[in-house]
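Colleague: Attaching a single structure in structure tokens format; questions to follow.
The values are calculated or read from the model by the stated rules, or taken from the named source; none is laboratory data. As the structure is a prediction and not an experimental result, all values here were calculated from the model. Reconstructed Cβ throughout: ideal geometry from the backbone, glycine too, with neighbour counts over all protein chains shown.
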Amino acid sequence: MKLRLGVLGSGKGSNFRAIMEAIREGWLEAEVRIVISDVEDAGILKLAHEFDVPSQYVPPGRFRTKLEPEIEHQIVQILREMDVELIVLAGFMRVLKEVLLYAFPGRIINIHPSLLPKFRGLSAWTQALNAQEKITGCTVHYVDAGVDTGEILGQRIVPILPDDTSERLHARIQTAEHALLPSVIAEIARQRSNRSASRPF
């Protein structure tokens, strides 16, 4: 059986596209059961329609950086109804809190545009530029109660060039993300398939 994914995103959905292309190419044994966004006109929702994947907009509530508990409960219900095993945060701009973390312990991953533990939080590529780093990159990690503090699952290095702008560096990091995220999911799927069918994910 294929690994059943739920993808949460707030933006244009380029990492979601990378996941779907890997599935179509046959090297990622997974299926996306649902795409959820906190932005009503997000590009990721339009992409989901193009790929014929169910999608849903969930109003974000009154907070800027997190979801209200009742909204997290709503998302949990949607994910459970779609029988999702692994949640993938692909450009989801909200910090997950207790409701989702407790409902899916050790089953939520995130892609972050830096070589964690360096440069957590927003605009990590700009943080790296301002720190005059020589390299940066991207990281896939499990999500825990901290901000970008969970167990690291994979990383890709991106060199910082002498004439880099924030925009050019960010674009190259995104290219690395599109390779890293599907490969990490594929490894999780392989590990899952090697477990006994009688054991939980």
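Colleague: Of all residues in the stretch 137-172, which are more than 28 Å from I188 (Cα to Cα) and of a type in the set (K, R)?
Modeller: R168 - this is the single residue of the stretch 137-172 that is more than 28 Å from I188 (Cα to Cα) and of a type in the set (K, R).
Colleague: Keeping to the stretch 20-79, report how many residues are assigned to a loop (DSSP other than H, G, I, E, B) and of a type in the set (D, E, K, R).
Modeller: 8
Colleague: Scan the stretch 38-61 and report the pairs whose first residue is more than 12 Å from G9 (Cα to Cα) and without any contact (Cβ under 8 Å) to a residue 60 or more places away in the chain and whose second residue is in a helix (DSSP H, G or I) and polar (S, T, N, Q), with Cβ atoms within less than 8 Å and a gap of 6+ or a chain change.
Modeller: none
Colleague: When the stretch 106-122 is examined, which residues are found to be modelled with pLDDT of 95 or more and either farther than 19 Å from E187 by Cβ or in contact with a His (Cβ under 9 Å, 6 or more places away or on another chain) (or both)?
Modeller: Once the filter is applied, which keeps residues that are modelled with pLDDT of 95 or more and either farther than 19 Å from E187 by Cβ or in contact with a His (Cβ under 9 Å, 6 or more places away or on another chain) (or both), the stretch 106-122 yields I109, N110, I111, H112, P113, S114, L116, P117, K118, F119, R120.
Colleague: Next question, about the same structure. Residue under question is D144, and the condition is that it be charged (D, E, K, R), touching a residue at least 12 places away in the same chain (Cβ under 8 Å) and out of contact with any strand residue (DSSP E or B) (no Cβ under 8 Å at 6 or more places or on another chain); does it hold?
Modeller: yes
Colleague: Identify, please: which residue in the stretch 104-113 is in contact (Cβ under 8 Å) with a residue 40 or more places away in the chain and in a loop (DSSP other than H, G, I, E, B) and is, among those, nearest to G150 (Cα to Cα)?
Modeller: R107
Colleague: Any idea how many residues of the stretch 153-191 are closer than 16 Å to W125 by Cβ, charged (D, E, K, R) and out of contact with any strand residue (DSSP E or B) (no Cβ under 6 Å at 6 or more places or on another chain)?
Modeller: The number of residues fulfilling the criteria is 4.
Colleague: Sort through L96, L129 and tell me the only one that's more than 30 Å from T165 (Cα to Cα) and either free of Cβ contacts under 8 Å to residues at least 60 places away in the same chain or over 17 Å from the mean Cα position of the chain (by Cα) (or both).
Modeller: Residue meeting the stated conditions: L96.
Colleague: Tell me which of these G43 doesn't satisfy, since it passes every other one: (1) surrounded by fewer than 17 Cβ atoms within 10 Å (Cβ to Cβ); (2) in contact with a helix residue (DSSP H, G or I) (Cβ under 9 Å, 6 or more places away or on another chain).
Modeller: So the condition that G43 fails would be (1).
Colleague: Further, regarding this structure: Could you count how many residues in the stretch 160-190 are exposed (fewer than 15 other Cβ atoms within 10 Å of the Cβ), over 16 Å from A22 (Cβ atoms) and charged (D, E, K, R)?
Modeller: Qualifying residue count for the region: 3.
Colleague: Hey, among the residues in the stretch 79-123 that are buried (at least 23 other Cβ atoms within 10 Å of the Cβ) and small (G, A, S), which one's nearest to A176 (Cα to Cα)?
Modeller: Going through the qualifying residues, I end up with S114.
Colleague: Return the residue satisfying two criteria in turn: it lies in the stretch 127-159 and is in contact with a Leu (Cβ under 8 Å, 6 or more places away or on another chain) and part of a helix (DSSP H, G or I), and of such residues it is surrounded by the most Cβ atoms within 10 Å (Cβ to Cβ).
Modeller: Residue satisfying both the conditions and the ranking: A128.
Colleague: Let me ask another. Filter the stretch 1-23 for residues that are out of contact with any His (no Cβ under 7 Å at 6 or more places or on another chain) and of a type in the set (G, A, S); which is farthest from R64 (Cα to Cα)?
Modeller: Applying the filter and picking the extreme gives A22.
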